[in-house]
Amino acid sequence: MTTPHSPAISVIVPVYNAALTIRRCVESILAQTFEDWELLLINDGSKDESGEICDRLAAKDERIEVVHKPNEGVAATRRRGIEMARGTYSIQVDSDDWVEPTMLEELYATAKREDADMVICDFYYDYNGRKPLKRRVQQPANLGSRNILAEMLEYRRISPSCANKLIRHECYRKYDVRIPRDISHGEDFFICLSLLRHPELKVAYLPKAFYHYIQEANSSSLTHTYSAKDFDRESNLKGHCLELMRGDELYDRVEERMVHNIVRRAFNGGIFTSEEFKKRTWQYRDSIRNNHHIAWHKRYRLFLACSGAYRLMYGYRTVGNMVRRATQRHK
């Protein structure tokens, strides 16, 4: 009896209502110069034609496997892909996004050359031609995993995304990395936290950008919606992460970063009344005010929102963004 081939790389793509973008995403994988991969398309109960499109794409290449499952959210969908993956290494790609043709080849070559458990590279913010690509350089100050984790906890320094990180898949088992079932956002952060907290994890950096993170995304996709339930789920995520880091010297930094993310996401969601926002975030106001990793004007805007002035602060932000965009158009 023959055993199935275990590919060098598993590419995991959660799919939900991505009919407008999934072809471009998959075609960018099919165009890879590196050929020893499997592509796992995990259809999370899409209500549009995403599932049918995935099936048609899979019929073109035996390396593509499609799974159709009931809608559970992005965290559960990524977890399913991680459980299924057979590759020596794995990487996550969002169905809204696409990648350069040499990504897998160059990341894998770096991983093998450095015997790395994780390879980090740069990525692009892609505005679909509305303005030039913006490259996010991800070079750590040094390659110690704990130092990289500390940098990741700094706002807008090292991204906690798994999309620009090739990970030795055995590390998920070795470090018992299991995405909690009661979260819907922030699973990338949990994965990076679970891995990088181990000082023996060997990390390499490749100073090239391959991943196009689209900034004009399908509003119904897995990663671009927000509801009141997300606040509770992200609070649960904070609990899971703090339990993971209990007794660690970076515990306070993790808590500070996660509180900021919870409040910032709730603020940007635009769905709460001032009273509802205050009720949910009052406990975090001092942490926000004292978080000097945030620019002072953003810090105090969030602090005042937590104190009961949410709709006022949200209105100021909206008007400010409109003025900024108008100014940029006339430059």
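Annotations for the structure displayed:
- Going through (1) modelled with pLDDT of 95 or more; (2) closer than 25 Å to Val259 by Cα one by one, Leu153 falls short only on (1).
- Residue ranges of helices (runs of 4 or more DSSP H) in the stretch 240-324 with at least 1 members at pLDDT 95 or above, among the charged types (D, E, K, R) and under 16 Å from Ala150 (Cα atoms): 251-269
- Look at (1) touching a helix residue (DSSP H, G or I) at 6+ places or on another chain (Cβ under 8 Å); (2) surrounded by fewer than 16 Cβ atoms within 10 Å (Cβ to Cβ); (3) polar (S, T, N, Q) and you find that Ser90 fails only one, number (2).
- Within the stretch 76-107, the residues that satisfy the criterion of being of a type in the set (S, T, N, Q) and over 24 Å from Tyr175 (Cβ atoms) are Ser95, Thr102.
Yes/no matrix, rows are residues, columns are (1) within 21 Å of the chain's Cα centre (by Cα); (2) outside the structural domain of Ala19 (by TED's automatic domain parsing); (3) polar (S, T, N, Q); (4) surrounded by 14 or more Cβ atoms within 10 Å (Cβ to Cβ):
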position	(1), (2), (3), (4)
Arg246	no, yes, no, no
Met258	yes, yes, no, yes
Arg264	yes, yes, no, yes
Phe267	yes, yes, no, yes
Arg280	no, yes, no, yes
Gln283	no, yes, yes, no
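- Test: residue in the stretch 209-216 that is under 23 Å from Tyr125 (Cα atoms), small (Gly, Ala, Ser) and assigned to a loop (DSSP other than H, G, I, E, B): no
- Selection count, the stretch 269-278, where residues are under 11 Å from Tyr310 (Cα atoms) and either within 24 Å of the chain's Cα centre (by Cα) or of a type in the set (Asp, Glu) (or both): 4
- Ser46 vs. criteria surrounded by 16 or more Cβ atoms within 10 Å (Cβ to Cβ) and closer than 16 Å to Phe210 by Cβ: no
- Looking across the stretch 183-202, the residues that are over 30 Å from Tyr226 (Cβ atoms) and surrounded by fewer than 21 Cβ atoms within 10 Å (Cβ to Cβ) come down to His198, Pro199, Glu200, Lys202.
- One residue alone among Arg135, Arg146, Arg130 is more than 14 Å from the chain's Cα centre (by Cα), within 27 Å of Glu216 (Cβ to Cβ) and outside any loop (DSSP other than H, G, I, E, B), and that residue is Arg135.
- Flag for Glu49 being touching a Lys or Arg at 6+ places or on another chain (Cβ under 6 Å) and in the same structural domain as Ile179 (by TED's automatic domain parsing): no
- Only one of the numbered conditions (1) more than 13 Å from Val203 (Cα to Cα); (2) in contact (Cβ under 8 Å) with a residue 24 or more places away in the chain; (3) out of contact with any helix residue (DSSP H, G or I) (no Cβ under 6 Å at 6 or more places or on another chain) is not met by Leu143, and that is (1).
The values are calculated or read from the model by the stated rules, or taken from the named source; none is laboratory data. None of these values were measured; they are calculated from a predicted model. Note that we place each Cβ from the backbone using ideal geometry, even for glycine, and neighbour counts take in every protein chain shown.
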